[in-house]
Structures are given as structure tokens and as C-alpha cells.
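Trainee: This is the structure I have questions about; it appears just below.
The values are calculated or read from the model by the stated rules, or taken from the named source; none is laboratory data. Owing to the predicted nature of the structure, the values given are computational and were not obtained by experimental measurement. Note that we place each Cβ from the backbone using ideal geometry, even for glycine, and neighbour counts take in every protein chain shown.
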Ligand code: SF4
């Protein structure tokens, strides 16, 4: 079983580290289809799939890219992902993409979409606005129009035209994938020593550059292999929720460091696209409307999403309870406004619920983890001491 795990992880890490997006190029050569990149956090991949387009998740350059020109586009007090994304574009790493979609997350991504239009005028470049009003008659109508315009943009660039039956089939394919991702998170909650977060993260990241069917198969292989591996034994680690890493992602080394410092990560915000919708999308009825209603009614709480009736931070407390976590690691990218502006409300909710927490920041290319290791290790130790008291 260890060999099976290694085989999956070796392939996943290759895909994760491949900043030339060889798998996307191969897919295009094989199928003749279009590939379109998207920035975090959420785009309706089902629509791309239904029109024969490969959606490719772009998460910046990570720690494998030297930023030379990208820094000239952003002030020093802006997070890292936009500068590495620009660098990838200027270097030609993203030439295999026929376009880029910039979902509404924050002003930085909005600005990046404008820069992209100027830098790559020949490519499809679209700011994908999403509603912050969740009334079907207001936000729903707005969002449906956004989807229709996106679909028509794709078709004008050579994708297949919109077809309701094709979208229904694509929703079914993505529902299967969502189910498996939920199963992965469930298994990690139950047995975090079996599903290590650094491994699960690699598989999820690999999925961003693969057709969904291949990603589902890879994830299934991984889950089968770890489920059948009896050599992995529980250790005395603190169960924590990792909060705040929903857009720019921490380096892989940081995730490994947290696990080695004595933490079992039992819930997280990493690579959220697979879990943005909490449940399957219904297959009956108008599939486009189903996409709309899923976004309005079934999206996760996110700092990038308006919370009208609820209280910011309550969702985090619920996740702590559901995952039987003993603490929270607030782990946000430096200068990430959505994460850091929400953090005081989230920490207050944690305090009121008696949930211990600690906080630190990172950049996607952070290379030194010793200080974080000491902080997370001390946090885990103190949890263990308190729970023993
Ligand atoms: S890391 Fe935060 S500030 Fe930067 S682009 Fe993402 S959401 Fe915006």
C-alpha cells in the first residue's frame, strides 16, 4: 500500500510543481479543446466542462518561481499571488491557456484582471463578478446573466455552444468529484494519521490541472491506498483547524512543518473550489438555474462573501465543533485583506467559544519555517497540556 500511496503522490507532486503546465498542453494536443485558467476561489467548472473547455486552476507560482518582473506591477504591501501570476504570464508559462477568468475575490484580483486585459489583449480575459445579494430575484438574476455571458464568451472563442443536457451531465460528473472530496475530508477528520494534509493537498492541487474525471480517479486511488494502509498509526497530536489560506496558498513545506510540529489538521480552507458548494447540485430542472441556486444557497461561508444575517466567525466555531478540533491556526497570506479583516471577528468568536488559537502569516514563497514551527509546536504542546489538566 505504501507503494500505491507513493505512486499517486509522485504524480501529484509532478503536476503541482510543473509551472509549464505540461498536462494542459498534452490535453489540448489530444482533444483539440480550449483550456481556460481561473484564479481562486470559485468558478462554475461545470459550465466549462459542458462546453468542452478544460478549466485550469492557477494558484500563482508558489515557491518555485523567481519574481523578476511581477514585482513591478504591485506595491510591496500587496500579497504575492498576483505578482507571481503576472510573472507566469509574462514568462510564457501560461501560453497554453486560451484565456483567464478572474473571479471576484478582492480588489487585487480585480486589478489583476485589468492588467491581464492590457498585457494579453488577444486572449479571453474576464472578470467574473458574483453576487453579494443572495435573493434569487436580485443576485440570482444577476448571476445567471454572468453565467450566460461567460458561456457566450467561451463559445465565441471556439468552445461548444451552451447545451442544457451537456451541462446536466457535467454537473453529475462534478457531483461525483465533490462527493469524493467530502469523503476525503471526512476520512481525515476521523483518522488524520491516515490522511496527511500535505498529501491530500498535493492531490487537490494536482486536480486543478487535470480533467475532472482524471482527478476523481487519482483521488480515489489515494483514498483507497491510505484506507488500506495499516502501517499508519495515531500519534499524540493536537487537532487543529487551519483557517485563512483560501486564496494564495502556503508553500507545501509550511503545511508539512505544521504537521511535523505536532498538529493534525482536521479541517482547512485550502484549494476551496472543490468544497465551495457544500452539497451536490440537483440534476432535475434547469441546470443553469441549479448552478445559480447552488451558489446563492449552498456556498460555504467565506471572508469574500457577505454575511447578512449571520455572525462572522460562527461558521468557524461550528467547523471546530464538527471536526472535534482543539484549536485554530489562523494562517493567512501577508497583506490578504479579506482574510486579515475577518480575523478579529473570527478570533473573537473563538475566544467566546473557548477555542484556543494562534496566528501567523506567510507568502507563497516563504522558505523559512523555523519560527512558525516553534509557534505551532508550542501551541500544540499547550493544547495537550490543557486537555490533560
Ligand atoms: S491573497 Fe487575499 S488579498 Fe491577495 S488576491 Fe487573494 S484574496 Fe486578494
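Trainee: Can you tell me which residue within region 10-45, out of those that are in a loop (DSSP other than H, G, I, E, B) and away from the ligand (no atom under 16 Å from the Cβ), is surrounded by the fewest Cβ atoms within 10 Å (Cβ to Cβ)?
Mentor: Within region 10-45, the first condition is being in a loop (DSSP other than H, G, I, E, B), and the residues that meet it are 18-21, 32-34, 39-44.
Now narrow it down to the ones that are away from the ligand (no atom under 16 Å from the Cβ): 18-21, 32-34, 44.
Working: 18: 16, 19: 17, 20: 14, 21: 22, 32: 9, 33: 17, 34: 20, 44: 32.
Restricting to residues being in a loop (DSSP other than H, G, I, E, B) and away from the ligand (no atom under 16 Å from the Cβ), the top hit is 32.
Trainee: Kindly provide the set of residues from region 236-249 that are modelled with pLDDT of 95 or more and either within 16 Å of the ligand (Cβ to nearest atom) or surrounded by fewer than 24 Cβ atoms within 10 Å (Cβ to Cβ) (or both), ordered by number. Give the steps one after another, and end with the answer.
Mentor: Going residue by residue through region 236-249, those that are modelled with pLDDT of 95 or more are 237-249.
Those that are modelled with pLDDT of 95 or more and either within 16 Å of the ligand (Cβ to nearest atom) or surrounded by fewer than 24 Cβ atoms within 10 Å (Cβ to Cβ) (or both): 237, 239, 242, 243, 244, 245, 246, 247, 248, 249.
Trainee: Checking the conditions here, which among 101, 109, 86 is part of a helix (DSSP H, G or I), under 28 Å from residue 361 (Cα atoms) and in contact with a strand residue (DSSP E or B) (Cβ under 6 Å, 6 or more places away or on another chain)?
Mentor: Details: 101 fails: part of a helix (DSSP H, G or I); 86 fails: in contact with a strand residue (DSSP E or B) (Cβ under 6 Å, 6 or more places away or on another chain).
Sole residue among the options that is part of a helix (DSSP H, G or I), under 28 Å from residue 361 (Cα atoms) and in contact with a strand residue (DSSP E or B) (Cβ under 6 Å, 6 or more places away or on another chain): 109.
Trainee: Test residue 105 against the criterion of being under 21 Å from residue 246 (Cβ atoms), in contact with a helix residue (DSSP H, G or I) (Cβ under 9 Å, 6 or more places away or on another chain) and modelled with pLDDT under 95, and give yes or no. Walk me through how you get there before you give the answer.
Mentor: Working: under 21 Å from residue 246 (Cβ atoms): yes; in contact with a helix residue (DSSP H, G or I) (Cβ under 9 Å, 6 or more places away or on another chain): yes; modelled with pLDDT under 95: yes.
Here the answer is yes, as residue 105 does meet what is asked.
Trainee: Out of the residues in region 359-373 meeting the condition of being touching a residue at least 40 places away in the same chain (Cβ under 8 Å) and part of a helix (DSSP H, G or I), tell me which one is farthest from the ligand (Cβ to nearest atom).
Mentor: 373
Trainee: Considering only helices (runs of 4 or more DSSP H) fully contained in region 280-358, which possess at least 1 residues that are modelled with pLDDT of 95 or more, on the phi < 0 side of the Ramachandran plot and within 16 Å of the ligand (Cβ to nearest atom)? Break it down stepwise before answering.
Mentor: Numbers: elements: 287-298, 314-322, 337-352.
Result: 337-352.
Trainee: A further question on this structure: Considering only region 244-279, state which residues are assigned to a helix (DSSP H, G or I) and under 18 Å from residue 366 (Cα atoms).
Mentor: Just the residues of region 244-279 that are assigned to a helix (DSSP H, G or I), to begin with: 252-260, 272-275.
Passing the criteria: 252, 253, 254, 255, 256, 257, 258, 259, 260.
Trainee: May I ask you to say which residue of 153, 71 is surrounded by 14 or more Cβ atoms within 10 Å (Cβ to Cβ) and farther than 25 Å from residue 34 by Cβ?
Mentor: None of the others qualify; the one that does is 71.
Trainee: Would you tally the residues in region 58-83 being at pLDDT 95 or above, within 11 Å of the ligand (Cβ to nearest atom) and part of a loop (DSSP other than H, G, I, E, B)?
Mentor: The qualifying residues number 5.
Trainee: Just name the residue that is farthest from residue 150 (Cα to Cα) out of those in region 84-101 that are within 16 Å of the ligand (Cβ to nearest atom) and in contact (Cβ under 8 Å) with a residue 40 or more places away in the chain.
Mentor: Narrowing region 84-101 to residues within 16 Å of the ligand (Cβ to nearest atom): 84-89, 100-101.
Going one step further and asking which of them are in contact (Cβ under 8 Å) with a residue 40 or more places away in the chain, we end up with 84-85, 88, 100-101.
Values: 84: 25, 85: 22, 88: 24, 100: 11, 101: 9 Å.
The qualifying residue farthest from residue 150 (Cα to Cα) is 84.
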